[in-house]
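Asks: Take a look at the following structure, please.
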Amino acid sequence: MSLPVGERRKLRAMQRATASADPGLAARFAIFNRLSRQEDMPRTERLKAREVRRRKWTERVIVAYLISRPDTLLVSYLRIALCPDGGEPGSRGASPSPW
């Protein structure tokens, strides 16, 4: 299976970041890869092309909406910045009501 250039670039960047964070990880992954080479991928791990397309479409719709509505993006940013626990402004860390 061939990946688009952008996906390959992202994977290489993740590989470099992971290798610098944990130098022994590459050796452990090579051992795991050698031991599991003959096994089929579990069905629960497989992604169907339709699911991938749907996720990409959803991401594009959300980004397009946020770009078209900068006020919504600003309000969302301020809410996250001012209330990182999800509570109302001024709640001083109280959890939001489940009702």
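Only the coordinates and a few stated rules stand behind these numbers; no lab work does. Because the structure is predicted, anything quoted here is derived from the model rather than measured. All Cβ positions, even for glycine, are placed from backbone atoms using ideal geometry, and neighbour counts span all protein chains on display.
Asks: Given charges of +1 on the Cβ of Lys and Arg and -1 on the Cβ of Asp and Glu, with all other atoms neutral, how large is the dipole of the stretch 1-79 about its Cα centre, in debye to the nearest 20?
Replies: 260
Asks: Here's something else I'd like to know. Specify which residue in the list Phe32, Thr44, Pro4 is farthest towards the positive end of the charge dipole of the stretch 1-61, using unit charges on the beta carbon of Lys, Arg (+1) and Asp, Glu (-1), about the Cα centre.
Replies: Ranked along the dipole, the leading option is Pro4.
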